[in-house]
Each structure stands twice: as C-alpha cells, then as structure tokens.
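One structure is given here, and the rest of the page talks about it.
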Amino acid sequence: MKNVGICIGSAIFIAVLTVPGCGKKSPEPGNVKDEALMAGRTAASFPAADEDYFKDMDGGLQLTANEIKGRNNWIVWTGGNDRFWDFLANNSAGALDFLKILSSHPNIKHVSRDNRWRYLGLVNEPCFEKAKGPRADRFGLWLDSHSKDCPPDPFENDKKYAGVTIGARSKNVPVGSYYGYASGIVGLRLFPNPDFDEKAAKKWDAERYYTDPKYYNDKNLIRPYRVGMSCGFCHVGPSPVKPPTDPENPKWENLNSNPGAQYYWVDRIFFWDKDEASFAYQLFHTSLPGTLDTSFISTDYINNPRTMNAVYNVGPRLGPAARWGKEKLAGGGLKNKQFQDFPQTAALSQFYQKPDTVWTPRVLKDGADSVGILGALNRVFINIGLFSEEWILHFNPLVGGKKITPIPIEAAEKNSSYWNATVAQTADVALFFLKTAKPDLLKDAPGGSRYISTDQAELRRGKVAFAQYCARCHSSKIPDAAADIDTNVWEKYWAWTKTDDFKTKMTAMVVADDFLNDNYLSTERRIPVTLLQTNACSPLATNALGGNIWDNFSSQTYKDLPSAGKMTLYNPIDATPFEYELPAGGRGYTRVPSLISLWSTAPFLLNNSVGKFNWNPSVEARMDSFNDAIEKMLWPEKRDKDTILGDKVPGFIYRTTTTSYIKVPPGYLPSALGKLLSWGDWLHNLFPWLFSEGMVKIGPIPKGTPISLMSNIDLETDKLDLIKLLLKMKADLIQVEGKSDEEAAKVFKSLVPDLIKVSKCPDYVVNKGHYFGTGYLKEESPLSDEDKRALIELLKTF
C-alpha cells in the first residue's frame, strides 16, 4: 500500500509542479489582447506624465521635459502589470502577496511601515504615514495614508490620466488613474481591481484577509486592489552621497534612481509569511540582500541570484559599445526600436546601421540583452509583467514544466496598447539616465574624504596594479592595439593584455590625471566563465537563447557564440570533482561589470559569516561593507568556506537551514487535486506522509541539502527520466521521515548523481572565482599584499 501511495504522491507532486494552470484551456499565443486594447484604449491615450514631482531626487539636477517624463516612467509607470502581480498572488501557493507587505496590520509578522527598510530593504515613500487602523476608503485594508502636509500625488489625477474602464471599474470600484494610487512604498502602485464585482465584495472580509489562512490561502480570492510594479521598485534606493538620517523615513532628496535596490531582501518580499520549513522559502533565501534572480518568474530552472544593476555613466558607456559592442540582429530581434526611431534620440542614430547591425552595451549579467538600449529597456517591462496576457502563455510562471517559447515583439505591437505606450516612452528614459546617471563619489559623501588616502605614492602604486591586472577588463579607455591584433577576437585580445607593450601603454593611461573622466570602467566585453572561474549559473542562463522566451531581445551574435570550454565542478555532497563542458549558443560568458562607485554598491555581507548583513545606508556602514567585500575578492582565503569542500574551493554552497518540505495549501491546488483533500480524514490517514497540516507536503528535504540540487532540475528534460527520478526521490525520502538530518543526508546522498544529471547548472559553489591578482590564478604572478592594499585605496576614488 505504501508503494501505491508513493506513486500517487509522486503523480500529485508532478501535477502540482508542472500543470498549475490545469482546468480552463489557455488561449493560443498571439491571439490575446491586453486589457487596455480590449477596453478600446490606444497607446496614444497613455501620454507620459510631465509633472516634475520628483525634482528633489537624483541630486536635484534640472531636467528637460523629456527627461522628466523618463524619470516618471521609471518610478511610477507599471504598464498594466498589476494584472500579472494579482495573477501571481493567486498562483504562488500563498508565497507572494504585495498587499500584505504594504500593510501595517498587527497580525502580519515581522513588518510594518515602522521597519520596512530594515526588514525588507524597501523604500518607504516620503509624505506617507503608517495606518493606525482599517481604512474605510481602502475596503478595510491597513494601508499607509498620504500626509496632509504634502502636495497631492499628481499621478493619481484620474481626469488627466484616466484609467482603463473594464470589468467592475466605474461600477463597484473607481476607475482611477492609469498610474494607480501611491501605495506608501516607492515602486508599488495600487489599482482598483476590475474583478472586484458585487459577488467579490460580498465575500471580502479585510480582517480575515489578515488573520485567517483558510480565507487568504485561496487562489480564487479577489482582493479590492491589484498592485503594480514600476522599475523603481528594484532600482530606487538611498543616495550614497546624501543618505537619509532615518532610513525608515527618507525625503525625496535622499533618494536616487541609479544605484539599485542594494538592500532588497527577496525572500521576505516575495515570501511574505516567513516559513523556514518551506523549501520555497529556502530557495528565495539564497538571494542575499541586494540580489535577485531576474529569471525566477519565466524560469530557466537555474537558481541564479545576482546583484541589482547600478546605472552609472550611460553616456560614457556608449564609448565601449561603439568600440566593441557590434551585434548582428536577426528574426524577431529586428523588430526592436533603435535611437533613430525617436526624434529626441535621433542624434544617437550612429549606433544602428540598417538592415541588421547595432552597436550596443550588453545589459544583462550574461551579456544577453544585446539588441540596443531601447530594446533592453522594453524587455524589462515585460519581465515585470507588461502584457502578461500573452507573456504567461509561453511558459508556466515560477515552476515551468512546459516547453518555453519566445514572446514575439510583433504580437505585442499588434495586441498590447500598454506595450506600444511603453515603447513610446523608453527614449525619454534613456535621456533621463544620460543626464542623471553620474558617479556617486566617496569624496562627495558626508565624511567620505576621511576614507580616501592622501598618500600619492600609495595611490600611484594602486594605479600601476590596476593598469596591469584590472584595466584590461575594467576600463573603457584601452590603448590601440598593434595592427596585427584583432581585439574583437577574445583569445588574441587576452594574450595581448599580458604583454609588456600593453602594460606599458595601459599604465601611462591609468596614471594620467584624466583617466577617470568619462570612463565607464568596463569594456562591456563578454568574458568566458572558464577564465573567470566564477559560479557558472549566471552564464548558463537560457532565457535569451534562440527559441526561448527572450529570443526577440538577444542578437544573433549572442546566439552564435561558441562553447566557452570546460570547467571542473564538484559534487556538493562529497566534493568529488567532475568535468563539465559548457554548451554553445550564447551561454558561458559574463559581461564585465563597471567599477564606478564601487564603494556605494558593495555586497552587504559582513563578519565573514553568511547571513549577517548591514542594513544601514550611511557612509560608514557602506565602507564597512566595501572593505569586507573587497578583501574577500583579493584574498580568496578569507571567504566563507563550505564544510564539505574544505580548502578545495574557497567558497560556500547554499544549503537548507532546516528540514524543509515543498508545501502547497489546498486552496492553491488545481481543482481536481483540491477535491482530493475534501474527501475527509480517511485520505489523510491513508497517506499521512503526503497530507500534513491540511496541505500537500513533499519531503522531508534534510537540513544541509544543497538548494540548487533541487531548484536546478530541468523540467524540460526527458519526461521518463524525470518521473523515474521523482519516484526514486519520493521513495527514498519517505524512508527517513522523522529520522535525524544525519540519517536523512545519508539517504539523500544516493540521489545526488541523478540530480546532477538532470541539472541545468551543476555548479553549486557560489562565491568562487575572479582570481585575478591572486595566487589562485596560475597563469600570472599574484599581486603582493602591499599592492592589493594600494589597489583598494585607488578603488575608493572611482
């Protein structure tokens, strides 16, 4: 009977993971319209907001009319993605619910407006006050209220920016503005829910929404508001050079659109009800503050959290684009808009040559966004939910399990007014960054000068070290090569940078007084991860490959990249090494990040211990974090080490912190499976290992399990192999229910070879690599400790 139960359990497990939308048949891709078009709205009916409401932000720079529109787009334009985040709230098994993190109800654990910054890393919007109770004008929700001492939010003007009249809007709820209502958190906007009709209103109970799991863990619950997300949600943060005195209560003058949300806690934001025994929480918990896996929604089956991109020196960034950023476009990629398509950016038309050549920065960490700046910006809006009617027809959000297909720009142009309105505005966003994306210099921060060395000999020593070890990748000012060296061929370029000719010329450039002027401090080149020796999961991302979700937003040049070679990887249970050949077709490379204002965007990992973070955005705290991070970069032996790997690799592995389970509350199960749970206690008694706490539970997953062993399973691999593996997992894990983690780990060990076999990225060591200037890079002599110290002093001046 147990074996029969195991089979049933595995079938349920597979169904939960791979067919979350079973039931109603989905429409065919390319045949759906967005809500705006269905309501008869055109792109022209969504003009960009022109009020300079955020004039105190970004150093108080004076902006032109177009630049103002660009900033407003960045901070308040959501492009109808409130529909998507509402869908995800009802299809994430209870994990995500933005209305909860916007609330200050006393029953919500851990967080309210009083500690949103410290606990979530989210920016409290100035001019708002904490809810003191349920708001009658917000259907009983405990939402922040706008301060009466501040001017009104102009983007809420439903006459000038009339929202989309659809469903219950204008009947049971207001229509509102197409910018929604300000929520109290920068980057999140509230929209009246068009599904909140009379039936939904009768069922709505705000108090139960905060207090009753049976009520709020219902995939059919209709909330009175949907929450939309702007780009600013992940990119607006405290100004490094004018930080707020109280981070929980910043003023607009303390905020900056460029450095990125470097304090952002993904696990707490996207898993509002912290539950360490949930494997989903354990997975989100691998995103350290300030990091995010941008492919976690349109999943590529790779756990890949990386830092938020800072946006600095956009103008100078075009220099390396013109020199090394040539890309060929093909297929749907040719549909991307270019600078010459808009009058305000026509002066930059030299970066595109008809019919198929673009010179562009490579935006994503793997260099995949390679179709031009405007195309890269437009893709971001889809990735946060624009035109979700079409987008989610091409994959299963969060869990995958069906073949991923490209979302075509052509379909968006035909069927999405929100897409066309967004495209019309991104040229202004580019102009905004061309104006405001200036370096945040340590010397300009309060008290920053005391951290900068005045020892000119030491700084010169740092410049020489930088010139000979770092500038070949981290400078947009590079000497002209000898005539017989093709610097666009990576192998030839790399060999040249190790010659005396290069080092002599590069040193002369670095020691010059104007070296930092308009220097992007990156070549923007794609570097093979086999040289970097960093974790391979970011370079192995598959979203932008030919035929995948972002096919239309990556160049043919990217898709034609050869294999980067082979890497030595390690079994995360017994540290046995094995060889892994990186696949061709775009994967295996990392785009060189800029070092501009490195001091202000350092990882906030402190005290040589995973999990201890600095939440304070003051200059002093940032410098503590910078020093901690840069020392671990230059002295790899100081990095956190994994207990299994020991000294084999100076790095750690994300492991579960407690025994965990894959948990699915019954309210989120597909309808047929939900009925199983309604059959009564006899089912729970028959299969106690499957049903627990009133929900489906798959496990136990032992404490100390490498998280990416489970999260990186390729659900598009051979289905028979996958089912065999899942059956074996279930059969093995049930044997250790109730036993110690040590006993469970012994059983789990036998599963590891099979899990590695079906992994999209079998590289489990996180903080290894980038050994340039250290003894771990065997092909060059390392920097001395004195050189490293001098280099650190130089980096503080960038």
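Within the same chain, aspartates and glutamates fewer than 8 places from Lys199 are excluded, and of the rest, those with a Cα less than 17 Å from its Cα are Asp218. For the pair region 177-194 and region 367-407, the centres of their Cα atoms are 23 angstrom apart.
Only aspartates and glutamates eight or more places from Lys171 in sequence, or on another chain, were considered; those with a Cα closer than 18 Å are Glu35, Asp137, Asp158, Asp195, Asp197, Glu198.
Working note: Karplus 6.51/-1.76/1.60 with θ = phi - 60° gives region 338-346 the couplings 10, 3, 6, 7, 9, x, 6, 10, 4 Hz, where Gly and Pro are set to x. So which of Lys703/Lys749; Lys335/Lys402; Lys100/Lys132; Lys492/Lys760; Lys730/Lys760 end up more than 19 Å apart, counting from Cα to Cα? Cα-Cα > 19 Å for Lys335/Lys402; Lys492/Lys760; Lys730/Lys760; rest within.
Net charge in the neighbourhood of Gly140 (other residues with Cβ under 9 Å of its Cβ; Lys, Arg +1, Asp, Glu -1) is 0. Projected label points at Ser781 and Arg118, each 7 Å from Cα along the beta carbon direction, are separated by 5.1 nanometres. What number comes out for the charge environment of Thr42, summing +1 per Lys or Arg and -1 per Asp or Glu over other residues with Cβ under 15 Å away? After counting each charged neighbour, the total is 0. For region 156-172, backbone phi angles converted through the Karplus equation (6.51, -1.76, 1.60; θ = phi - 60°) give residue-by-residue couplings of 7, 5, 7, 8, 6, 10, 4, x, 8, 7, 8, x, 7, 5, 6, 10, 9 Hz, Gly and Pro being listed as x. Within the shell defined by Cβ-Cβ distances under 10 Å, the residues around Gly60 carry a net charge of -1, with Lys and Arg each +1 and Asp and Glu each -1. Applying the Karplus relation 6.51 cos²θ - 1.76 cosθ + 1.60 with θ = phi - 60° to region 637-652 yields 3J(HN,Hα) values of 5, 8, 6, 4, 10, 7, 5, 7, 6, x, 8, 4, 9, x, x, 10 Hz, where x marks Gly and Pro.
Taken together, the values in this text are just the output of simple stated rules run on the coordinates, not laboratory data. Because the structure is a prediction, the values reported are computed rather than measured. Heads up, the Cβs are rebuilt from the backbone with ideal geometry, glycines too, and the neighbour counts pull from every protein chain shown.
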